[in-house]
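Participant: Handing you this structure, nothing more for now.
The values are calculated or read from the model by the stated rules, or taken from the named source; none is laboratory data. This is a predicted model, so every value here is computed, not measured. Don't worry about glycine lacking a Cβ; one is built from the backbone with ideal geometry, like all the others, and counts go over all protein chains shown. For the accessible areas, the whole protein counts, side chains as well, though only heavy atoms, and no ligand, DNA or RNA atoms are used. Shrake-Rupley method; radii C 1.70, N 1.55, O 1.52, S 1.80 Å.
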Amino acid sequence: MRRLLALVAALTLTACGQAPAATRQADPAAAPPAGFPVTITNCGRTLTFDRPPAKVVTGYHPALETLLALGVGDRIAGRTNFSESAFLPGQKEQYDKIPEISPTIMLPQKEVMLSQGADFVLDNAMAGFDAGGGYATVAELDAAGSPVYILGGWCSPEETLEFTLDDTFTDLRNLGRIFGVSDRADRLAADLRGRLEDVRERVSGRPPVKVLATDGGKGPVNAYGGAGVTHQMIVAAGGRNTLADVNSDYTEVSVEQISAAQPDAILVSEYATLRGEKMPTVRAKAAGILAIARNSPAARDDRVLPVPVAAQHPGYRNLLAIADIARFLHPDAFSR
């Protein structure tokens with residue numbers, strides 16, 4: 001499913017750069033709330049909000065998770081399906097209360113999407129706005145008064161490679177302003193920065209653990225190179241990506257590269273379904289990779305960690321997952 005979006009992110013549309021500035025229309029007789037209007041830039045577009053969004057549609061699940069973490073779940077009028085892995089604590093109950101407008105992680109087709117009457121759309125990649133796939137484009141949604149915000153700056157295939165952890169904090173700051181909850185956003189960001197700093201202090205000075213991050217495959221193998229979200233997470237957790245010299249995020253590499261990588265540990269993307277289809281388990285994918293890297297320390301120790309694909313896309317979950325990866329790579333650093 002990671003490939004749902006990143007294989008999707010590779011589809012990126014040009015709609016992002018084409019869309020004109022989007023401005024939410026407000027009742028001209030009503031005075032804007034304190035702190036508004038708010039203007040931000042996203043994907044090279046200028047978005048202006050006269051007041052906080054009140055009828056929001058979210059795409060792939062990390063977008064919904066991030067808004068729930070900001071405490072604005074009551075503004076979400078429609079969401080896509082999430083059935084690939086566990087929910088973050090306390091969020092399943094909120095998820096269940098929000099109408100589902102798509103049975104997969106993708107936004108619904110154009111007519112259904114436009115009929116939502118959303119005043120804000122939040123997603124993690126441009127794949128859900130591809131006219132060729134039957135989706136409403138960013139420009140069409142802008143024109144309908146439904147401005148689109150893309151998390152993590154994943155506005156084009158090239159920009160997915162430029163992602164840094166700071167982009168998540170930029171998103172929190174922007175969303176805090178858009179929804180009029182900057183104080184909440186600041187508190188959430190401070191908490192996440194504190195967690196990140198704790199990890200960095202714990203793993204500081206320890207030899208980096210050689211990590212292979214993969215989505216399985218018998219050849220070529222689906223894996224994560226030295227650019228993008230997953231690579232950033234590995235490094236922050238005290239790891240060294242064995243494919244750091246591959247200038248890609250999600251990509252295919254040869255069996256020979258995997259065999260030569262000699263990882264100490266393996267991260268395996270976890271998602272039970274992809275666009276409604278059942279996918280191989282983490283254990284099944286790991287078995288294939290360990291067979292290829294049979295002479296590696298990771299194979300000898302059967303050292304494998306499932307990583308939810310939702311954490312490998314822009315959204316605040318990727319910051320939470322860094323601590324989980326660090327505990328896996330450096331358990332002794334977390335024994336105190």
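Participant: Can you run down the residue pairs with Cβ atoms below 8 Å, 6 or more apart or on separate chains, where the first is in region 218-238 and under 16 Å from residue 268 (Cβ atoms) and open to solvent by 10 Å² or more (accessible area, probe 1.4 Å) and the partner is among the acidic types (Asp, Glu) and part of a loop (DSSP other than H, G, I, E, B)?
Facilitator: Taking only residues 6 or more apart or on different chains, the pairs are 231/249.
Participant: Sticking with this one: Hey, does region 283-292 have a residue that's in contact (Cβ under 8 Å) with a residue 24 or more places away in the chain and of a type in the set (D, E, K, R)?
Facilitator: yes
Participant: Turning to a different aspect of this structure: From the set of residues in region 32-88 that are in contact with a Lys or Arg (Cβ under 7 Å, 6 or more places away or on another chain), in contact (Cβ under 8 Å) with a residue 60 or more places away in the chain and surrounded by 23 or more Cβ atoms within 10 Å (Cβ to Cβ), which is nearest to residue 181 (Cα to Cα)?
Facilitator: The qualifying residue nearest to residue 181 (Cα to Cα) is 53.
Participant: Now for a different question. Which is in contact with a helix residue (DSSP H, G or I) (Cβ under 9 Å, 6 or more places away or on another chain) and more than 30 Å from residue 72 (Cβ to Cβ), of 274, 188, 212? Don't jump to the end; show me each part of the working.
Facilitator: Working: 274 fails: more than 30 Å from residue 72 (Cβ to Cβ); 188 fails: more than 30 Å from residue 72 (Cβ to Cβ).
None of the others qualify; the one that does is 212.
Residue by residue, here is whether (1) polar (S, T, N, Q); (2) touching a Pro at 6+ places or on another chain (Cβ under 7 Å); (3) open to solvent by less than 30 Å² (accessible area, probe 1.4 Å) holds:
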{"residue": "252", "(1), (2), (3)": "no, yes, no"}
{"residue": "256", "(1), (2), (3)": "no, no, no"}
{"residue": "260", "(1), (2), (3)": "no, no, no"}
{"residue": "279", "(1), (2), (3)": "no, no, no"}
{"residue": "282", "(1), (2), (3)": "no, yes, yes"}
{"residue": "296", "(1), (2), (3)": "yes, yes, yes"}
{"residue": "302", "(1), (2), (3)": "no, no, no"}
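Participant: Report, ordered by the first and then the second residue, all pairs with beta carbons closer than 8 Å, sequence separation of six or more or different chains, a first member in region 174-186 that is of a type in the set (A, V, I, L, M), and a second member that is open to solvent by 50 Å² or more (accessible area, probe 1.4 Å) and at pLDDT 95 or above.
Facilitator: 185/173; 185/177
Participant: On to the next question. Restricted to region 16-31, and to residues that are surrounded by 13 or more Cβ atoms within 10 Å (Cβ to Cβ) and among the hydrophobic types (A, V, I, L, M, F, W, C), which residue is modelled with the highest pLDDT?
Facilitator: Once the filter is applied, the top-ranked residue is 26.
Participant: Based on this model, can you work out whether residue 120 counts as in contact with a strand residue (DSSP E or B) (Cβ under 7 Å, 6 or more places away or on another chain), among the aromatic types (Phe, Trp, Tyr) and at pLDDT 95 or above?
Facilitator: Spelling it out, residue 120 is indeed in contact with a strand residue (DSSP E or B) (Cβ under 7 Å, 6 or more places away or on another chain), among the aromatic types (Phe, Trp, Tyr) and at pLDDT 95 or above.
Participant: Out of curiosity, is residue 275 surrounded by fewer than 20 Cβ atoms within 10 Å (Cβ to Cβ), under 20 Å from residue 314 (Cβ atoms) and at pLDDT below 95?
Facilitator: Yes, satisfied.
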